[in-house]
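S.K.: Take this structure first; my questions come after.
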Amino acid sequence: MPIHSVASSRIVGRSSVIGARFMSSWWRSIEPAPKDPILGVTEAFLADQSPNKVNVGVGAYRDDNGRPVVLDCVREAERRIAGNEYMEYLPMGGSIKMVEESLKLAYGENSEFIKDNRIAAVQALSGTGACRLFAAFQQRFYPGSKIYLPIPTWSNHHNIWRDAGVPMKTFRYYHPETRGLDFAGLMDEIKSAPNGSFFLLHACAHNPTGVDPSEEQWREISSQFKLKGHFPFFDMAYQGFASGSTERDAKAIKIFLDDGHLVGLAQSYAKNMGLYGQRVGCLSLVCEDEKQAVSVKSQLQLLARPMYSSPPVHGARIVSTVLGDPELKKLWLKEVKVMADRIIGMRATLRECLEKRGSALSWQHITNQIGMFCYTGLTPEQVDRLTSEFHIYMTRNGRISMAGLNTGNVEYVADAIHEVTKSA
């Protein structure tokens, strides 16, 4: 074999070995991601073979028989949609009709901001997607700014702003001793934050605590925000689902708007319309005028383009059909109140059951809190006992999803909670 052929074959051989080595080691350093604390609860629950097992960890509504629910208004909307619509891409900003109906629901049918075209709004991938899109918007146009998150907050809020590259700060919110609002601490944090800071606020049914400010406290918060020039970004995942009234659950937003704030808002239809898997929501930002709103919307669409190009169509059609038809909307308002009332009823029943068992602890906070979740005050060790001894599954911070309770299991859960807390 000629010398140059031998040399060439050796070079090719060495290159092949080096290439193979690189290709076999691309992902060698990747470690398994930590399990999501909420989804991990469901995995453990499903693996448990006990006939007495109860899952009060995941925030998805169940009826009194423990079954998932599809609302009648949603079934009728799907019947009307079926076979009558094309499956073309939506615009980057999503369904115009769905966005219009979402704004009327959040800001009011006769909102001056809607009439004056002062709201920049786009369809989003449920509330998570709306928060993520706003976080990207904040990072792009206010680079270096921070987001203030309440202690505690929905765990995914931290992931959303972290992955958008926005530094995070926290502010006091929950008072563990009273299992209520740390209003004095919250106001101190608002006052001490640098002027013009971004704050995330839960519009209603705070997740995970179920602790909301009163109307008067919201007014004081709004007033202090105005003095400091802070920007309020509301996450409203439970409109109608918290109290049974869509207007009452949006009261905080109205208070801030009446005070002259330009607010941001993430809406979701997962809980209040049962569209968990459809991933349908809305992101809106109130602007100074129509021209500004056009500019802001164009930038939101530009951010959405490389993320997901355009949002899904089916859930948007369901929402626009339900909210856009007076009879279907009336039915939805009735159904969402039924869901809210069942949750409120389960709160009263759980508290009553615990008090009847002679618990020396106060359980008043169960009925003082509102929405899907109850922050029980149980310690991680007590939660561990509930799981290991009674097959009751929840996150270790003691958060209970009230939707997981029903007339068939609430006595059992109360017995178990009393047993693990009676020596406290």
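S.K.: If Ile81, Ile151 are ordered by their accessible area, calculated over protein heavy atoms with a 1.4 Å probe, which sequence runs from highest to lowest?
M.R.: Largest accessible area first, the residues go Ile151, Ile81.
S.K.: Which is farthest toward the positive dipole end of the range 280-424 among Ser362, Thr387, Ile318, measuring Cα position about the Cα centre, with Cβ charges +1 (Lys, Arg) and -1 (Asp, Glu)?
M.R.: Sorting the options by dipole projection puts first Ile318.
S.K.: Something else: Can you list the trypsin sites (Lys or Arg not before Pro) in the range 142-177 that are in a DSSP coil and have 10 or fewer other beta carbons within 10 angstrom?
M.R.: none
S.K.: Another one. Report the one residue of Met168, Leu275, Pro143 whose Cα lies farthest in the direction of the positive end of the charge dipole of the chain (charges on C-beta: Lys and Arg +1, Asp and Glu -1; origin at the Cα centre).
M.R.: The residue sitting most towards the positive pole is Pro143.
S.K.: Using DSSP to define loop residues, name the chymotrypsin sites (Phe, Trp or Tyr not before Pro) in the range 52-129 whose beta-carbon has at most 14 other beta-carbon atoms within 10 Å.
M.R.: Passing sites in the range 52-129 are Tyr86, Tyr89.
S.K.: Under 5 Å between amide H atoms, partner at least 5 residues away or on a different chain: which partners does Phe199 have, H built in plane at 1.01 Å?
M.R.: Sorted by chain and number, the residues that satisfy this are Tyr148, Phe231, Phe233.
S.K.: Can you tell me the FRET efficiency between Asp64 and Ser24 if r is taken as the Cβ-Cβ distance and R0 is 56 Å, rounded to the nearest 0.05?
M.R.: Efficiency computed from Cβ-Cβ geometry: 0.50.
S.K.: Here are some pairs, Lys297/Lys329; Lys226/Lys297; Lys104/Lys291; Lys228/Lys337; Lys254/Lys291; Lys35/Lys271; which of them have Cα atoms lying more than 31 Å apart in this structure?
M.R.: Beyond 31 Å between Cα atoms: Lys228/Lys337.
S.K.: Got a number for the accessible area of Glu109? Probe 1.4 Å, square angstrom, nearest 10.
M.R.: Accessible area of Glu109: about 100 Å².
S.K.: Nearest 20 debye, what's the magnitude of the dipole of the chain about its Cα centre given +1 on Lys and Arg Cβ and -1 on Asp and Glu Cβ?
M.R.: Approximately 1300 debye in magnitude.
S.K.: Please give the per residue accessible area of the range 20-151, computed with a probe of 1.4 Å over protein heavy atoms only, in Å².
M.R.: 61
S.K.: If you don't mind, another one. Along Cα→Cβ, 7 Å out, is where each label goes; now give me the distance between the ones at Ser50 and Asn397 in nm to one decimal.
M.R.: Each label point lies 7 Å from its Cα, and together they span 2.4 nm.
S.K.: Ignoring ligands, DNA and RNA, please state the percent of accessible area on the range 147-256 from carbon and sulfur, probe 1.4 Å.
M.R.: Taking all protein chains in place, the range 147-256 shows 48 percent carbon and sulfur surface.
S.K.: Rolling a 1.4 angstrom probe over the protein chains, ignoring ligands and nucleic acids, what is the accessible area of His314 in square angstrom, nearest 10?
M.R.: The value for His314 is about 60 Å².
S.K.: Still on this structure, please answer the following. Based on DSSP H runs of at least 4 residues, each adding -39500 (n - 2.57), what is the mean residue ellipticity at 222 nm of the chain after dividing by all its residues, to the nearest 500 deg cm²/dmol?
M.R.: Calculated mean residue ellipticity at 222 nm is -15500 deg cm²/dmol.
S.K.: When percent of Cα pairs over 35 Å apart is calculated directly from the model, which label among (1) 35; (2) 28; (3) 46 fits?
M.R.: Structure-derived value, by its label: (1).
S.K.: For the range 188-254, what is the accessible area per residue in Å², given a 1.4 Å probe and the full set of protein chains?
M.R.: Each residue of the range 188-254 exposes 35 Å² on average to a 1.4 Å probe.
S.K.: For the range 359-395 and the range 92-144, compute the distance between their C-alpha centroids and round to whole Å.
M.R.: 36
The values are calculated or read from the model by the stated rules, or taken from the named source; none is laboratory data. Note that the coordinates shown come from a computational prediction; the quantities given were computed from them, not determined experimentally. Because the Cβ atoms are built from the backbone with ideal geometry, glycine has one as well, and the counts that use them run over all protein chains shown. To get the accessible areas, we keep the full protein, side chains included, count just its heavy atoms, and leave off ligands, DNA and RNA. Shrake-Rupley method; radii C 1.70, N 1.55, O 1.52, S 1.80 Å.
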